[in-house]
1. Applying the selection to the range 445-500, what residues are at pLDDT 80 or above, of a type in the set (Lys, Arg) and under 28 Å from the mean Cα position of the chain (by Cα)?
2. Restricting to the range 147-181, what's the tally of residues that are part of a loop (DSSP other than H, G, I, E, B) and over 22 Å from Asp496 (Cα atoms)?
3. Within the range 434-454, is even one residue touching a Ser or Thr at 6+ places or on another chain (Cβ under 8 Å), over 18 Å from Arg382 (Cβ atoms) and among the acidic types (Asp, Glu)?
4. Being in a strand (DSSP E or B), touching a strand residue (DSSP E or B) at 6+ places or on another chain (Cβ under 7 Å) and either modelled with pLDDT under 95 or under 17 Å from Gly65 (Cα atoms) (or both) narrows it down to one of Ala255, Ala207, so name that one.
5. Take Leu57 and decide whether it is in contact (Cβ under 8 Å) with a residue 60 or more places away in the chain, touching a helix residue (DSSP H, G or I) at 6+ places or on another chain (Cβ under 8 Å) and either of a type outside the set (S, T, N, Q) or farther than 30 Å from Val502 by Cβ (or both).
6. Among the residues of the range 406-424, how many are under 21 Å from the mean Cα position of the chain (by Cα) and in a strand (DSSP E or B)?
7. Mind checking whether some residue in the range 528-543 is surrounded by 15 or more Cβ atoms within 10 Å (Cβ to Cβ) and touching a helix residue (DSSP H, G or I) at 6+ places or on another chain (Cβ under 8 Å)?
8. If Val584 passes every condition in (1) among the β-branched types (Val, Ile, Thr); (2) open to solvent by 30 Å² or more (accessible area, probe 1.4 Å); (3) outside any strand (DSSP E or B) but one, which one does it miss?
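The values are calculated or read from the model by the stated rules, or taken from the named source; none is laboratory data. Model, not experiment: these values are computed from the prediction. Heads up, the Cβs are rebuilt from the backbone with ideal geometry, glycines too, and the neighbour counts pull from every protein chain shown. Keep in mind that these areas ignore ligands, DNA and RNA; they rest on the heavy atoms of the full protein, side chains included. Shrake-Rupley method; radii C 1.70, N 1.55, O 1.52, S 1.80 Å.
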Amino acid sequence: MMTRSPQGRTNRLTRPSIAVAAAVAVTAGVVAAAPDAKTAEPTPKLSLIAASTSVTLDSWKDDPGVYLDLGTYLTSENGAFELKVTRKSYKDPVVATQVLRNGKKTTTKALPAGLVKDFSGLPGFAQVSVTDAAGKTVLKQTEAFCPNNASGRIRPDAPAQSKYPQSCPVNPFTLGSVWGVENGWASNTYAGYYAKPVQLAAGTYTAKISVTKKYRDLFGIANKPQTVKVTVRERSWEEEEGSGSAARSAAPQSAKSAAGHQGHTGHSGHGGHEGHQQATDAPAASAHAAHGAPARPEAPAARTTGAAPTFNVGHGPYPPAPPALPWALKKESLQRQAFSAAKVGDRPGQTDGSRQAPGAKPNAKRPTGKATVPDVPKPDLRSLPAYGITVSDGYEDVPGKDYLAFSANVWNAGPAKLVVDGFRSPGKELMDAYQYFYDAKGKQVGYTPTGTMEWDPRPGHEHWHFTDFASYRLLKADKKESVRSGKEAFCLANTDAVDYTVKNANWHPGNTDLSTACGQENSISVREVLDIGSGDTYTQDLPGQSFDITGLPNGTYYIQVLANPENRLKETNHKNNSALRKVVLGGKKGARTVKVPAHDLVNAN
């Protein structure tokens, strides 16, 4: 049931090529003066700034292309810049409103209909124009802007932590999100995870970056384009590897093979968590680093499910996307003097998305006394329709077979988080699982037994699974069961921000990857949590986790994702646990095809 594709195998699953980009070093600067509290208006003042007047970008001969992280930021003064983005259902379009806070008073301003079409950010926000040394324009493009991008403070009296999430979700079935730039903070305008490399020959250029007119008019942003000198240098691994000890000394100790991280962005059948990219002060390096070359960070991976801090590390078939290179901004004086570049990483006043959430700690001992289910808020588990649907074969493991693979997500709509502890008696293979309940003040006021947890020893898994959390079934056109997936045991992790607009949603959930959430083989107890507003995605692409469709006739079917199939977990509502996605199977044995009609307004397979 492990879903990582072994090296060297080919299949019919669409996998993006993972490009490799070089790190960009910039010197961070400051520009905005603190507003006068007596005259400040409640509307936030937004400004575009450049952290440095020049940057150096690398283009690699064996994988040419330059990522335009030019070090420009959007600052917010006089209040936080906050947007609420949501949709009523998949039949309704995505709408966005600006939230304005003035003390205890909160007002909203609707953004133009159709401005925002998904949850990945403000489209066409930044205009980038690049000219060469002769003054000829060689590149002109617009880029989307996620206000939750890598960010940092621009003045020391700003809040030490940003209250906003650390990324913009790209799960096609996201329902609601919150975007924001904290008061006194700045957010990188670089498209980051969603950017594509551009082709620029080695040489010197001038980049001009500005906010497009529609957003300047909408948010009252001054028309002050930023100019950055760009040096593109061409490099090759052959030259780097020949540089000897100097190159080896430049490679970080944490460098790991990029190939070795396949299967680590999202729950890959809940395999692929151990050994995933750890959060360090340097982005992950490629396999070349192991041969003595300097660190070569992975380029932003293709869109996956859009989780928060670790961007679904350990939950899918793609390597984790590194954060857009973060450089904390700090005001040294009112004369807009530059400060020194900050290190990559999360710390007070800086969030870049590299944080790895610590594991939740279970209670010191298993509960005693009478089990009770008190009348307090409980979680509400719901399923998203399946997506990422493809057909795969059985590879050399099961030749001649056809499998229908898909991604599935179960999320918690609240208003309480799901908390499950597992306890093992000495010598026992299974843990006894208990669900806990809390009052409005967070005090535990009850518990109930809720099945078991089992250790999965297979390579790529090696963690504790909570049994009967969800079930995947392939239904015939009459919606009667045809095939059931063998996958029903899960380790819970908050991989996706499904709807951060629901009541009590936690914008900074813990346990975002299985390496911190699922315990070790010798664990005597573990705690697994599904927080409010977050969901847990499993990407399935190998036999055992997907549906065997070898003997099924062509025609219409439905993939059912069913949360809490045995109703062992206590919820506020058990009637919204199922989600269906229509698929149409075709082709011949060994060459089956699948067509995935749009799900209302969501046209994503």
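1. Hit for the range 445-500 is Arg473, nothing else.
2. The total comes to 7.
3. Yes, the range 434-454 contains a residue that is touching a Ser or Thr at 6+ places or on another chain (Cβ under 8 Å), over 18 Å from Arg382 (Cβ atoms) and among the acidic types (Asp, Glu).
4. Values: Ala255 fails: in a strand (DSSP E or B).
Result: Ala207 is the single residue among Ala255, Ala207 that is in a strand (DSSP E or B), touching a strand residue (DSSP E or B) at 6+ places or on another chain (Cβ under 7 Å) and either modelled with pLDDT under 95 or under 17 Å from Gly65 (Cα atoms) (or both).
5. no
6. 8
7. Yes, the range 528-543 contains at least one residue that is surrounded by 15 or more Cβ atoms within 10 Å (Cβ to Cβ) and touching a helix residue (DSSP H, G or I) at 6+ places or on another chain (Cβ under 8 Å).
8. Of (1) among the β-branched types (Val, Ile, Thr); (2) open to solvent by 30 Å² or more (accessible area, probe 1.4 Å); (3) outside any strand (DSSP E or B), only one is false for Val584: (3).
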